[in-house]
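Peer 1: My structure is below; once you've seen it, I'll send some questions.
A short reminder: the numbers here are calculations on the coordinates, not readings from a lab. Keep in mind that this is a model prediction, so the values were computed, not measured. Glycine also receives a Cβ, built like all others from the backbone with ideal geometry; neighbour counts cover every protein chain displayed.
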Amino acid sequence: MSVKRIGVLVSGGGTNLQAIIDATLKGDINGEVVIVISNRKDAYGLERARIKGIRSEFVDYSDVDAYNKRVLELLIEEKVDLVVLAGYLKVVGKDIIGTYEDRIINIHPSLIPSFCGKGYYGERVHKAVLDKGVKVTGATVHFVDEGTDTGKIILQEAVEVLDDDTIESLQKRVLEIEHKLLVKVLRMLCK
């Protein structure tokens, strides 16, 4: 069985990326991260890739079409089979979605369809959860389509919201679930 070539798009620290890299190196996923792309030069996810000898690329174009064209060129150049959005805070272009239809996944820090869509990312999601007073949140892995957090759900897991939770404590517990879910979904998709 051939090893799947994985491209990961990040905008921040890359802890989900690290979980994927670790799982591939341990053989838990029949895949290899071959490129990490970021829209932020200072994204620590790029450094995580460099440390492991994985190609890392910062892409910076003010023109959205030029930006997405370059990202697609890099993914094709590396013969990527599967694209993972791991804390990626840009909208993926239509050409990328069309080329990688049903082969782009995203991790979102809530139980979609709650607390998702435009403006719901990072700490904003956890703040909204706490402000609303819900008792359960979680994480969702879904396929990426042309909407924002509207693609078919692959897997979800719930996280209890505790009475004394802060944005930071809730975010930490949800992130632990994100790592597990991403690895589980990639294990399935790379079979």
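Peer 1: May I ask which residue of Val183, Thr140, Val159 lies farthest towards the positive end of the charge dipole of segment 4-189, with charges of +1 (Lys, Arg) and -1 (Asp, Glu) on Cβ and the Cα centre as origin?
Peer 2: Working it through, the farthest residue towards the positive pole turns out to be Val183.
Peer 1: On average, how much area does the Cα convex hull of segment 40-97 cover when viewed from any direction, in nm²?
Peer 2: Across all orientations, segment 40-97 yields a mean hull projection of 4.2 nm².
Peer 1: Using alpha-carbon pairs under 8 Å, 6+ residues apart, how would you state the relative contact order of the chain in percent?
Peer 2: Normalised by residue count, the contact order of the chain is 21 percent.
Peer 1: Which of the helices in the chain meet the span-like rule: DSSP H, Cα axial reach of 18 Å or more, Kyte-Doolittle mean at least 0.0?
Peer 2: Taking the DSSP H segments of the chain (at least 18 Å long, mean hydropathy at least 0.0), we get 64-77, 167-189.
Peer 1: Hey, what did segment 85-145 get for relative contact order, percent, Cα under 8 Å, at least 6 apart?
Peer 2: Reported relative contact order: 45 percent.
Peer 1: Once you charge only the Cβ atoms, +1 for Lys and Arg and -1 for Asp and Glu, what is the size of the charge dipole of segment 1-137 about its Cα centre, to the nearest 20 debye?
Peer 2: Dipole of segment 1-137, to the nearest 20 debye: 380 debye.
Peer 1: Separate question: Beyond 30 Å, what share of the Cα-Cα pairs of segment 4-189 is found? Please give it as a whole percent.
Peer 2: Value for segment 4-189 (Cα pairs over 30 Å): 15 percent.
Peer 1: If only Cα atoms are counted, what is the Rg of segment 1-70, and what is its Dmax, in Å?
Peer 2: My reading of the Cα-based Rg and Dmax gives 12.7, 41 Å.
Peer 1: What value in Å³ per residue do you get for the convex hull of the alpha-carbon atoms in segment 65-119?
Peer 2: 93 Å³
Peer 1: Compute the distribution of all C-alpha to C-alpha distances in segment 100-191, in bins of 10 Å from 0, and list the percent of pairs in each, rounded to whole numbers.
Peer 2: 17, 51, 27, 6, 0
Peer 1: If the cut-off is a Cα-Cα distance under 15 Å, which aspartates and glutamates reach Lys41, setting aside same-chain residues fewer than 8 apart in sequence?
Peer 2: Glu57, Asp60
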